[in-house]
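Input: a single structure, listed below in structure tokens.
Read-outs: derived from the displayed coordinates by stated rules, not from any lab. Note that this is a predicted model, so its numbers are computed, not measured. Methodologically, a virtual Cβ is constructed for each residue, glycine included, from the backbone with ideal geometry; neighbour enumeration extends over all protein chains shown.
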Amino acid sequence: MTPFKAPLEDILFSLRLVAQADEEWDETTATDILGHFSAFAENALAPLNATGDREGAQLIDGRVQMPKGFKEAYKQLIEDGWQGLSAPEEFGGAGVSRLIAAGVSEIFSGANHAMQMVCNLVPGAITTLRLFGTAEQQARWIPKLASGECLSTMCLTEPAAGSDLSAIKCRAEQAGESWVINGEKIFISGGDQNLSKDILHLVLARSGGPGIKGLSLFLCPAQPEVTITRIESKLGLHASPTCQMLFSDAGAELVGEEGAGLLAMFKLMNHARIDVALQGVAHASNAAYQSYHYACDRKQGRGPDGQTARLSDHADVQRMLDEQKILAIGARAMCHIALKESMKGQRPALVEILTSLCKVTGSEAGIRAADLGIQIMGGYGYLTEYGVDQIWRDARITAIYEGANGIHERTIVTRGLQSGTGAEDFADLMNELADGDSIIKEGTDRWLGVVQQLRSAKDPTSQAHNFCNLTRELFQQATWVRIAAVADHHPDTDELKRFCKSVLTPDKLS
Ligand SMILES: Cc1cc2nc3c(=O)[nH]c(=O)nc-3n(C[C@H](O)[C@H](O)[C@H](O)COP(=O)(O)OP(=O)(O)OC[C@H]3O[C@@H](n4cnc5c(N)ncnc54)[C@H](O)[C@@H]3O)c2cc1C
């Protein structure tokens with residue numbers, strides 16, 4: 001297995017030149033922060049990835065024990081201040097731009113997705129508390145989250161309420177000034193761990209009648225009334241404890257308004273969704289890196305000149321290596337463009353569409369690139385020795401959690417097209433990215449025609465998958481036109497130009 005290497009230069013190129021993060025961008029700060037985190041990820045987080053996969057998290061006497069070395073790595077993570085990177089300075093954080101934090105998050109996931117999952121719900125929890133929590137709740141919890149003293153969870157799923165959260169049964173009842181929660185939650189990432197002193201559970205529970213209007217968001221600290229009844233045995237992410245939890249008269253506080261829990265939770269989830277897309281990008285990038293090194297090393301067969309060839313000399317292997325890199329570069333750029341749009345805050349309906357598109361694109365990129373990695377490495381790719389199997393197993397969940405990809409596709413054709421000017425804003429963004437490119441302009445016009453048809457269709461959901469593919473293709477093409485425009489500034493200009501040529505074939509949008 002080739003040791004993990006953070007794709008630092010590709011990330012900086014994508015943030016600065018493709019997403020054009022100029023207004024918020026300070027090149028020295030970004031390079032400094034991402035460079036330091038890369039070193040930490042390569043030296044401290046990545047070496048625990050395979051060992052964590054083999055050992056797994058364990059439930060011992062009702063408490064979760066993380067695999068060996070995770071506790072020490074977390075101690076270092078918080079001593080170096082990484083947990084508070086994007087937290088506001090007034091609460092003890094570093095107040096760094098979300099774009100830089102996105103770079104850190106991708107590197108973290110590439111080095112050790114399982115640990116990243118346990119640590120990285122914190123920025124979303126802080127955002128949710130800032131938007132919906134009282135000043136007192138913020139003052140009590142945000143400094144602890146920013147310092148790493150406390151980690152947070154997102155408690156939504158129940159046995160009968162997976163994709164459909166309106167079926168949640170977990171009950172919250174008022175008890176004097178405060179609330180108590182009773183019920184079961186399943187599949188909760190980091191529901192317990194032995195990394196942080198404290199854990200803050202953000203729980204979606206039923207305080208009112210049926211349906212989503214009866215759901216409220218609660219803040220529920222770890223306490224003896226919250227117990228872990230089992231942790232799941234899974235395909236991948238063995239070091240990330242996926243917990244079944246029982247709340248038995250657990251003390252809790254309401255966050256935001258009663259009955260508006262799903263809205264508040266969506267803030268947390270939207271944050272997590274781009275993070276999931278970047279998990280996919282991280283896997284795509286790591287799979288490309290591992291495969292490239294293997295393919296350049298292994299001699300097999302003969303080239304057209306009759307000489308002994310390496311795998312990378314075979315045209316079909318080169319095709320697969322190229323596809324892996326194209327998937328990573330394209331999906332990363334799309335996520336950075338979406339994040340920049342979200343930070344501008346001017347076109348919220350567009351941000352909703354972009355978030356779903358990125359979630360689907362990033363997750364599929366990771367799975368596809370890992371699958372190609374197995375193919376490139378042949379029988380050795382199928383073994384556990386080279387680690388590409390772990391990339392595939394860990395990446396696989398990204399198409400399922402944070403809203404299964406099919407649900408995101410459905411959301412685009414329902415809420416995305418039916419409310420507000422999200423589709424028109426999307427068309428504007430495509431033309432902005434492509435800066436007058438006639439193929440993108442024509443493709444966008446045709447796409448707007450399909451939007452009109454879907455808006456008047458009786459059941460647009462039957463077309464959700466095809467429409468999402470069409471929309472992603474347009475977004476990808478427009479993004480690659482932008483990449484092509486700045487390719488001269490990439491450290492490997494020739495390779496990037498070759499990728500641009502292969503992606504930007506004129507017939508793709510017809
Ligand atoms: C490793 C892991 C970590 C997780 N972490 C968390 C966590 O921290 N917190 C938390 O609350 N949950 C978490 N989950 C739960 C995860 O979010 C759910 O598994 C997911 O929401 C899907 O729910 P389900 O598994 O019940 O599948 P179901 O809802 O039964 O859906 C199964 C499949 O049916 C399709 N489908 C279902 N409904 C629709 C629809 N309306 N439109 C189109 N297609 C549909 C999708 O393809 C979906 O994959 C985690 C799960 C895993 C495996």
For a test of the definition: using alpha carbon positions, the gyration tensor, and the 1.5 limit on a/c, classify the range 8-146 as rounded, prolate or oblate.
oblate
Indicate the gyration tensor shape class of the range 161-220 (rounded, prolate or oblate), computed on the Cα atoms with a ≥ b ≥ c the square roots of the eigenvalues: a/c under 1.5 is rounded; otherwise a/b larger than b/c is prolate and the rest oblate.
oblate
Assigning unit charges at the beta carbon (Lys, Arg +1; Asp, Glu -1) and nothing else, what dipole magnitude in debye, to the nearest 20, does the chain show about its Cα centre?
1060
Sorted by mean Cβ packing within 10 Å, highest first, what order do the peptides 447-456, 83-92, 320-329 take?
320-329, 83-92, 447-456
Place a point 7 Å from the Cα of Asp316 along the Cα-to-Cβ direction; which residues of the range 347-369 have their backbone N under 20 Å from it?
368-369
Could you tell me the number of lysine pairs in the range 261-382 with C-alpha atoms less than 20 Å from each other, where the two lysines are 8 or more residues apart or belong to different chains?
6
Once all Cα-Cα distances of the range 129-267 are split into 5 Å bins that start at 0, what whole-number percent is in each one?
2, 11, 20, 24, 21, 14, 6, 1, 0
What does the C-alpha gyration tensor say about the overall shape of the range 275-335? Classify as rounded when a/c is under 1.5, otherwise prolate if a/b is larger than b/c, or oblate.
prolate
Taking only C-alpha positions in the range 263-400, Rg and Dmax in angstrom work out to 17.7, 64
Mind sorting Cys296, Cys468 by how few other Cβ atoms lie within 10 Å of their own Cβ, fewest first?
Cys296, Cys468
Any idea what the alpha-carbon Rg over 2.2 N^0.38 Å comes to for the range 263-509?
1.07
At q = 0.05, 0.06, 0.07 Å⁻¹, the log10 of I(q)/I(0) for the chain from a Debye sum over equal Cα scatterers comes to -0.19, -0.27, -0.38
In debye, nearest 20: dipole of the range 263-509 around its Cα centre with unit charges on the Cβ of K, R (+) and D, E (-)?
400
In whole Å, what are the extents of the range 378-472 along the principal axes defined by its C-alpha atoms, from largest to smallest?
51, 33, 19
With each run of n ≥ 4 DSSP H residues scored as -39500 (n - 2.57), what mean residue ellipticity at 222 nm is computed for the chain after dividing by its residue count and rounding to the nearest 500 deg cm²/dmol?
-17500 deg cm²/dmol
Taking other Cβ within 10 Å of each residue's Cβ, how do Ile60, Ile439, Ile397 sort, fewest first?
Ile60, Ile439, Ile397
Exposure proxy ranking, count of Cβ atoms within 10 Å, fewest first, for Leu15, Leu417
Leu417, Leu15
Estimated FRET transfer efficiency (Ile60, Ser456; beta-carbon r; R0 56 Å; 0.05):
0.45
Sorted by mean Cβ packing within 10 Å, highest first, what order do the peptides 105-116, 306-317, 276-287 take?
276-287, 105-116, 306-317
